[in-house]
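Structure first, then comments.
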Amino acid sequence: MKRLVARSLSIDLGSRRALSGVDLAFESGRFAVIVGPNGAGKTTLLRSLAGLVTPAAGAVTLDGEPVARLRAADRARAIAYLAQNGGVAWPLPVRDVVALGRLPHGERPDSLGGAGSRAVEDAMAAADVRDFADRPATELSGGERARVLLARALATKAPVLLADEPVAALDPRHELMVLEVLRAQARAGALVVAIMHNLTLAARFADEIVLLDRGRLQAHAPPAEVFTPEKLAASFGISAHVSQETGGLVVVAESPLPQA
Ligand SMILES: Nc1ncnc2c1ncn2[C@@H]1O[C@H](COP(=O)(O)OP(=O)(O)OP(=O)(O)O)[C@@H](O)[C@H]1O
């Protein structure tokens, strides 16, 4: 059981305060989705949870231990982080890029053990990248590359998976497949925290929603409590229609509201 906690977390980027006094706690077995307008601080929060940003104040702890103090290899085994719009610098075959997810375990693409090989194959199946496993990862479409990088993160089999817009580049079928995979990871005991802009899909898949606006935590609650017309107007500046359909909550953004 993992517990990832941000306590009174404030982050400065250059001269800007990107996060102010955020208090949050996440636990294993949950799929949490962070939402909020552009510039709200979502990526900054996720990077902080991964221990990649030094707080101006407050701290992030994993099971009580500040993530900033974990050794790099221990942190990489505990927390898999999928960056927004990640790229691939070298023309490695897709299978080898996915295998890089095993580096925190001391395994290289050419020295995978039995568990490592299985993790790589499972991750490639989950992200549906087996059809192009032998192609250079630099010669893929944006959505294909996004799935390869997700597979690399899955291959680590970390108990915590942090994913920055994992479905932004995906077609509807792969969007659903990947969200089912992330939810399944949580059901199998992982803590999964992802950033998303599609509120209807966030409502359908997430156990809990974190709503950020202008660097501040506005809500952390089940989807139906966060996706109300009032909260959507206040944070996103939209008038929205929210309805309960058989597939789950549907959020239709109807029109932008005049700026307050
Ligand atoms: N390197 C930087 N230096 C200074 N300010 C930055 C830097 N990177 C981001 N910011 C600012 O920090 C704030 C939070 O950025 P962040 O990337 O966390 O937002 P976000 O909610 O993830 O946005 P988006 O939905 O557009 O991805 C924004 O106001 C942004 O302009």
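The values are calculated or read from the model by the stated rules, or taken from the named source; none is laboratory data. From a predicted model like this one, the values you see are computed outputs, not experimental measurements. Cβ sites come from the backbone with ideal geometry, for glycine too, and all protein chains shown count toward neighbours. Note: accessible area is taken over every heavy atom of the protein model, side chains too, but ligands, DNA and RNA are not part of it. Shrake-Rupley method; radii C 1.70, N 1.55, O 1.52, S 1.80 Å.
Starting from the Kirkwood radius over alpha-carbon pairs of region 152-199, derive D by Stokes-Einstein at 10 °C in a medium of 1.306 mPa s and give it in µm² s⁻¹.
143 µm²/s
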Practice task
Can you grab the distance from the C-alpha centre of region 191-260 to the C-alpha centre of region 110-147, Å, no decimals?
Solution key: 33 Å
Problem - Value at 222 nm in deg cm²/dmol, rounded to 500, when DSSP H runs of n ≥ 4 in the chain each add -39,500 (n - 2.57) - result: -9000 deg cm²/dmol
Problem - Fraction in percent of alpha-carbon pairs per bin - 10 Å, the chain - result: 7, 30, 35, 22, 6, 0
Problem - Inter-label distance, nm, simple model (7 Å from Cα along the C-beta direction), R3/N38 - result: 3.9 nm
Exercise for the section: Percent of Cα-Cα pairs per 10 Å bin, from 0 to the last occupied bin, for region 1-129, please list those. Expected result: 11, 35, 33, 19, 2
Exercise for the section: Indicate, rounded to the nearest 5 percent, the antiparallel portion of the DSSP beta bridges found entirely in the chain. Expected result: 65 percent
Completion exercise
With the 8 Å Cα cutoff and a minimum separation of six or more residues, region 1-44 has a relative contact order in percent of 36 percent
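Using a 1.4 Å probe and counting only protein heavy atoms, arrange K42, K231 so the residue with the most accessible area comes first. Walk me through the intermediate numbers first.
Working: K42 15, K231 75 Å².
The most accessible residue leads, giving K231, K42.
For the chain, report the accessible area per residue in Å² (1.4 Å probe, heavy atoms, rounded to an integer).
Numbers: 12220 Å² over 260 residues.
Value returned for the chain: 47 Å² of accessible area per residue.
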Handout entry: With all protein chains modelled, accessible area of H174 [1.4 Å, Å²]
Key = 20 Å²
Fill in the blank from the handout: Within the set A32, A89, A125, GNM on the chain using Cα springs under 10 Å gives the largest fluctuation to A89
Problem - At least 15 Å along the helix axis (C-alpha) and Kyte average at least -0.5, DSSP helices within the chain - result: 114-126, 142-155, 172-187
Handout entry: With every protein chain in place, region 145-225: carbon and sulfur % of accessible area (1.4 Å)
Key = 47 percent
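Sorted by packing (mean other beta-carbon atoms within 10 Å per residue), highest first, where do 202-213, 8-19 land? Before the final figure, lay out each step's value.
Working: 202-213: 22.3, 8-19: 15.9.
Per-residue Cβ counts within 10 Å, averaged per peptide and sorted highest first, yield 202-213, 8-19.
Hey, can you rank 108-119, 43-54 by average C-beta count inside 10 Å, highest first? Can you show the working numbers first?
Working: 108-119: 13.8, 43-54: 20.8.
The packing order, highest mean first, is 43-54, 108-119.
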Handout entry: All lysines inside 27 Å of K231 as judged from Cα atoms, apart from same-chain residues fewer than 8 positions distant
Key = K42
Practice task
Order the following by accessible area, largest value first: F236, F31. Probe radius 1.4 Å; ligands, DNA and RNA are ignored.
Solution key: F236, F31
